[in-house]
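K.L.:
Got a structure for you, questions after.
Each value in this text was obtained by applying a stated rule to the coordinates, not by laboratory testing. Since this is a predicted model, take the numbers as computed values, not measurements. Every residue, glycine among them, receives a Cβ derived from its backbone with ideal geometry; neighbour counts consider all protein chains shown.
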Amino acid sequence: ERQWYLLEQGEVEQVLTQTHLKKSLSWPDGIKCWSVDTEELAEDDPTPLEPVQTSEDLAYVIYTSGSTGLPKGVMIDHRGAVNTINDINQRFEVKPSDRVLALAALNFDLSVYDIFGVLGAGGAIVMPPPEGAKDPACWIELIVAHQVTLWNSVPAVIQMLVEHLLGTSATVVGDLRVVMLSGDWLPVDLPEKIQSLWYNAQVESLGGATEASIWSIGYSLEKVDPNWKSIPYGKPLLNQSFYVLNELMEPRPVWVPGQLYIGGVGLALGYWKNEQKTKASFITHPLTQEPLYKTGDLGRYLPDGNIEFLGREDFQVKINGYRVELGEIEVALKQYPGIKEAIVTTIGDSPQSKRLVAYAVPKEKSVIKDYSLVDGNQTEDKDEVIQPDQELNYIAEQLRKHLVQKLPEYMVPTDYLILEVLPLSANGKVDRKRLPKPQRQTIAETTQHILPQTKTEQQIAAVWAEVLELEAVGIHDNFFAIGGNSLLVIRVHNKLQELLGRELKIVELFTNPTVHSLSQHIAQIYTQEVYIETSKTHGDKPSTKVTNSKKSSNFIKSINQPTISEPSDSPSDLFPCLIPIQPEGNKSPFFCLPPVAGVVFPYFDLASLLGKDRPFYGIQSLGFMENEKLLTSIEEMASYYIKAIRTVQPHGPYYLGGWSLGVLIAFEMARQLEEIGEVTDRLILIDLPPTSTSTLTKLYVGFQFLLTQALPQIWPYVYDYVQLQNQPNVRVLAQDGSPSIQSDNQPQSAGKVLNRINSLIRSGRPLLRVMQGNSQALFRYTPKHYTGKITLLRTSKAWNSNPQDPTLGWSQFSTQEVETHLIPGHHLNLLRQPHVKVLAQTLKNLLK
């Protein structure tokens, strides 16, 4: 929604993007999208273009948070941007041998210098890979390998790197010579830590506003006075000016606080298509007639001529270096149906621990759960009355989902408190000081708060509680949902490595965000056979049963305090491809075959919606583990998977189904079962034509799209899986180091899926290997005739094989009439909310 607004309000005509984003996102009419990862931008004529811009022409428009609820576009001309860039390059003698590690997002104006400043001096930009963008271990590798000399970031980012290096006692740290820090408060002790790692580094504190061409003021940190409460803001940069004025626009004397104004050639041209806001913020000095920008910041002069920054005078805050208007979040909160009032504030004593807290007052005491609002898409009209004891948690959950759709991630609060009324002061204004502070441990206890049970869980939970300043942490609490951020991850990482005496990768903390998942991940890494069975919730005495093989390390023995016992074989032991997503129930099981990516994540919602009385088994492709043979033909897959499902159900009639590539595998399984005298009662093919039709070329294009979409499509299912663990009466069963989550009241993933999830996330190579094998199988396969009944569940936006054939070509491979049902959505979203509800209901009716 925000992106759409920026494109339309900014009158954007052309967009540089990537192929997968170009295809997956919706774009306003009239916009031309260019994919930079294809050859469509190749130059036909290498002759340089004639310069047509002047220094007064617009260089870029960058949007910042707006108090009215809509972001505002800051217009910077070439003169202002070039002035700042030239000043910095001359000040720090930037030359062709310099390299900068570009960590700033492109919608953050620090990236303007990273790109044009360094390239303008003939230097080079070092871009981290997407998976390493938040990983200090990756940063230091790049700094050393590419001889990075320049650092440009908000303080919190380099603090992550410093704490990582100091925590790991690193000896090779590269040779940074200039460290530029801006965008937020600079901790007084940080410069000394930086210079303890890079002895010759010049540390520079820079400041200003987006409305004044990146930076307008700076302070060189040669030595920090231990008595300082904050780092000085500094003095104006070249051709720029800074003033401390009172309400009458008169200069303030030394030590007397006043409002900060910026002048000089760096001033923006104003706000794009917002004359009212421009007039309010860009003013003329009544005496000097100099154009000025009113920053909204407070400061004061120091005796040496430097300025000291004192903070904001309004409700604009800095969160992880991003400037955030609390009013924009409040407006978005009030747009949620049923919310009467909303206030957003911050808590946290330091910039690194600062987080957003949302307070909301509902219009009514009762709440209606409208399914059409949950995921931002219109569905069938269906309401559910929420019981009083569920009300507050439900509202908080939905408010967060609502904001995720409207705001960037850094503007989404981590805490939500639902109040009957907002506290007011004597003059009738909201008294922010009287707003209650969130009690996170209390909130957790009202949901599913399972105390740590093994020694590893206790150690991890203790570290989390210490770092997050919480009284208690449950094993299913998500680190990032209870106040964690990238900087705090580094602290947790260092403490856990020291406590456990084992190396952990930063990315492992991101991909295992709960105490339970991280504990199981550690067990998986350091042992081959671990069996844990736990079924006690908060308030009960835990009982733990752990088996360690002779190969198990002393580390695992010590953390789990095991009692020797041998686990028995299960179908999942014999056939690791068999994932019992929902193994309980008295009805015939439904077996669902994998898509091109080979994983079963897409089926989690579907399995849950079918109900706990319908066993649901996902079949996951082989090849994710090093010792697994990769199957590269549909016939071979079908034969192997038949053996797997017969360990659960020896004889038919069977219920088989699949989506995407799983369609072809399920079809071939039904055909092979028919050959050996077994019956498939329902063969459910979900949205794929047979490859022998004229759609082969289109399928190839579709596969290329899936390849570029694979990882982004998988991560939401991983997150959903972690969230699903947070349920009452959870039983944790782990065999061979691979946990299975089961619940007495809600279907959930089971078997060895977490083992395979972790393998997937740690490296993309197994995923690409499986996809390559599956794609080979897809294009080699030619379906044969099948005498059984086929049921096709297809979307209206199908493969264009033949508009006149609703069966997508399957009718020519069956001797019976193909039963067809339309499902809303398209191929890539029909298994996600809200469309999966329609799919599940249709499937329920078919399996009766």
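K.L.:
Counting DSSP beta bridges in the range 53-312, what percent are antiparallel, to the nearest 5?
P.N.:
Values: 35 of 47 bridges.
That works out to approximately 75 percent antiparallel.
K.L.:
For a label point 7 Å from the Cα of Glu1 along Cα→C-beta, name the residues of the range 823-844 whose backbone N is under 17 Å from it.
P.N.:
Once the point is set 7 Å along Cα→Cβ of Glu1, 834 turn out to lie under 17 Å by backbone N, inside the range 823-844.
K.L.:
Now for a different question. Pull up the DSSP beta bridges for the range 101-238 and report the antiparallel fraction as a percent, rounded to 5.
P.N.:
Once the DSSP bridges in the range 101-238 are tallied, antiparallel ones form about 45 percent.
K.L.:
Hey, any idea what the orientation-averaged projected area of the convex hull of the range 65-172's Cα atoms comes to, in nm²?
P.N.:
In nm², the orientation-averaged hull projection of the range 65-172 is 8.5.
K.L.:
How long is the gain from Arg502 to Glu93 if the chain were fully straight, where each residue apart is worth 0.36 nm and the alpha carbon distance is subtracted?
P.N.:
Values: separation 409, 0.36 × 409 = 147.24 nm, distance 4.27 nm.
Answer, rounded to one decimal: 143.0 nm.
K.L.:
With r defined as the distance between the Cβ atoms of His146 and Ser796 and R0 fixed at 60 Å, what FRET efficiency is calculated, to the nearest 0.05? Present the calculation step by step, with values, prior to reporting the outcome.
P.N.:
Numbers: r = 50 Å, r/R0 = 0.83.
According to the calculation, E is roughly 0.75.
K.L.:
May I ask you to compute the full-extension gain from Leu419 to Glu817, defined as 0.36 nm times their residue separation minus their alpha-carbon distance, rounded to one decimal in nm? Please report the intermediate quantities before stating the final value.
P.N.:
On the way: separation 398, 0.36 × 398 = 143.28 nm, distance 5.82 nm.
Here the segment from Leu419 to Glu817 would lengthen by 137.5 nm.
K.L.:
Please give, to one decimal in nm, the separation of the simple spin-label points placed at Arg646 and Leu238, each 7 Å out from Cα toward the Cβ.
P.N.:
With each label placed 7 Å out from Cα toward Cβ, I get 8.0 nm.
K.L.:
For an R0 of 22 angstrom, estimate the FRET efficiency from the Cβ-Cβ distance between Leu310 and Lys193 and round to the nearest 0.05. Write down the numbers at each step before the final one.
P.N.:
On the way: r = 25 Å, r/R0 = 1.11.
Working from the Cβ atoms, E equals 0.35.
K.L.:
Within the range 172-251, what percent of beta bridges assigned by DSSP are antiparallel, to the nearest 5? Mind showing how you got there, number by number?
P.N.:
Values: 8 of 12 bridges.
Restricted to the range 172-251, the bridges split so that about 65 percent are antiparallel.
K.L.:
Quote the charge dipole size of the range 277-347 about the Cα centre in Debye, to the nearest 20; the model charges only the Cβ of Lys and Arg (+1) and of Asp and Glu (-1).
P.N.:
Roughly 240 debye, rounded to the nearest 20.
K.L.:
With unit charges on the beta carbon (Lys/Arg positive, Asp/Glu negative), name the residue among Ala170, Leu150, Tyr60 whose Cα is farthest towards the positive pole of the charge dipole of the range 41-198.
P.N.:
Comparing the listed Cα positions along the dipole, Ala170 ranks first.
K.L.:
Can you list the residues, at least 5 places off or on another chain, whose amide H is less than 5 Å from the amide H of Phe590, using H built in the peptide plane?
P.N.:
Close amide H contacts, sequence-distant or interchain: Phe616, Tyr617.
K.L.:
Rank-order 294-304, 658-668 by packing density, defined as the average count of other C-beta atoms within 10 Å over each peptide's residues, highest first.
P.N.:
658-668, 294-304
K.L.:
Still on this structure: Within 10 Å of each residue's Cβ, count the other Cβ atoms and sort Leu150, Leu21 from fewest upward.
P.N.:
Fewest-to-most ranking of Leu150, Leu21: Leu21, Leu150.
K.L.:
Could you give the size of the charge dipole of the range 1-41 about its Cα centre, using +1 on the Cβ of each K and R and -1 on the Cβ of each D and E, expressed in debye and rounded to the nearest 20?
P.N.:
Dipole about the Cα centre, nearest 20: 140 debye.
K.L.:
Shape of the range 1-41 from its Cα gyration tensor (a ≥ b ≥ c, root eigenvalues): rounded if a/c is under 1.5, otherwise prolate when a/b > b/c, or oblate?
P.N.:
prolate
K.L.:
Additional query: If packing is taken as the mean number of other Cβ atoms within 10 Å per residue, what is the order of 469-476, 248-255, 583-590, highest first? Please list the in-between numbers first.
P.N.:
Working: 469-476: 19.9, 248-255: 11.6, 583-590: 16.5.
Order by mean packing, descending: 469-476, 583-590, 248-255.
K.L.:
Right, another one. ³J(HN,Hα) across the range 179-195 via Karplus (A = 6.51, B = -1.76, C = 1.60, θ = phi - 60°), whole Hz, x for Gly/Pro?
P.N.:
Computed from phi, the couplings for the range 179-195 are 10, 9, 10, 7, x, 6, 4, 9, x, 4, 8, 5, x, 5, 5, 4, 6 Hz.
K.L.:
Moving on to the next point. For the cross-link pairs Lys363/Lys433; Lys612/Lys837; Lys72/Lys294, which exceed 19 Å when the distance is taken from alpha carbon to alpha carbon? Don't skip to the end; give the middle numbers.
P.N.:
Working: Lys363/Lys433 23 Å; Lys612/Lys837 15 Å; Lys72/Lys294 15 Å.
Going by Cα-Cα distance, Lys363/Lys433 fall outside the 19 Å limit.
K.L.:
Let me ask something else about it. Classify the range 188-346 from the C-alpha gyration tensor, please: rounded if a/c falls under 1.5, else prolate or oblate depending on whether a/b exceeds b/c.
P.N.:
On the way: a/c = 1.91, a/b = 1.26, b/c = 1.52.
Since a/c reaches 1.5 but b/c is at least a/b, the shape of the range 188-346 is classed as oblate.
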